[in-house]
Amino acid sequence: MTTIEKETRRWLTYAHTDLSVAEALLRQPDSYPRHACFWAQQAAEKTIKAALVFLDIRVPRSRDLNNLRDLLPAGWRVKDAYPDLTDLSSWAVEPRYPGDAPEAVEADAREAIKLARGIWDSVTADLAQRGFSLA
C-alpha cells in the first residue's frame, strides 16, 4: 500500500468515525442536535479531504466545504450532487460556542447527517471507481 493510500484510508477512517458519532448522538433519548451537526460537518470535511489526499492535492486548513469540494477536478460526483454546502459548513464553528446563531434542532441534525452521508457515499464510490479499495 502506498503512502497516499495509507493517508487516504486514515482520513476516511476519521470521517467515518465522525459520521458514526453524529448518528449516535441523534439516537440518544435526549438528543444533541448541535453536536450531531458539528460531527456531520466534520465527517463531510474529512471525506472531501480524503479525496484530495488520494489525488495528491494539498489539503488546506479550511472548514469551507464549498472551497474544498471545488478543489476536486471535474468528474467527481460530489461536485454536481452537492453544489451548495454552505449550510453544512456553518456547523464547523457556530455550534461550538455560545453566540448569536440559532440553536440546532433535530431537523437540522437530520439534514446535516443526510448531507454528510451523501458526501461519504459519493466520494467513496468515486474513490472505488478510481481503484481505491475501501476494504
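The values are calculated or read from the model by the stated rules, or taken from the named source; none is laboratory data. Keep in mind that what you see is a predicted model, and the values were worked out from it rather than measured. Heads up, the Cβs are rebuilt from the backbone with ideal geometry, glycines too, and the neighbour counts pull from every protein chain shown. These area figures cover heavy atoms from the full protein model, side chains too; ligands, DNA and RNA do not enter into them. Shrake-Rupley method; radii C 1.70, N 1.55, O 1.52, S 1.80 Å.
General remarks:
- All positions within the stretch 5-50 that are in contact with an Asp or Glu (Cβ under 7 Å, 6 or more places away or on another chain) and under 20 Å from SER122 (Cβ atoms): CYS37, TRP39, GLN42, ALA43, LYS46
- Residue ID - farthest from ARG34 (Cα to Cα), chosen from residues in the stretch 108-123 that are open to solvent by 70 Å² or more (accessible area, probe 1.4 Å) and in contact (Cβ under 8 Å) with a residue 60 or more places away in the chain: ARG117
- Pick from the stretch 72-106, criterion free of Cβ contacts under 8 Å to residues at least 40 places away in the same chain and aliphatic (A, V, I, L, M), ranking: nearest to ASP56 (Cα to Cα): LEU72
- The condition of being modelled with pLDDT of 95 or more and either in contact with a His (Cβ under 6 Å, 6 or more places away or on another chain) or closer than 19 Å to ARG10 by Cα (or both) holds for only one of ILE113, ILE119, that being ILE119.
- Hits in the stretch 126-135 (condition: surrounded by 14 or more Cβ atoms within 10 Å (Cβ to Cβ) and either part of a helix (DSSP H, G or I) or among the basic types (Lys, Arg) (or both)): ASP126, LEU127
- In the stretch 1-18, the residues that are open to solvent by less than 20 Å² (accessible area, probe 1.4 Å) and either farther than 22 Å from LEU65 by Cα or among the hydroxyl-bearing types (Ser, Thr, Tyr) (or both): THR8
- Filter result for GLY99 (assigned to a loop (DSSP other than H, G, I, E, B), exposed (fewer than 13 other Cβ atoms within 10 Å of the Cβ), at pLDDT 90 or above and more than 17 Å from the chain's Cα centre (by Cα)): no
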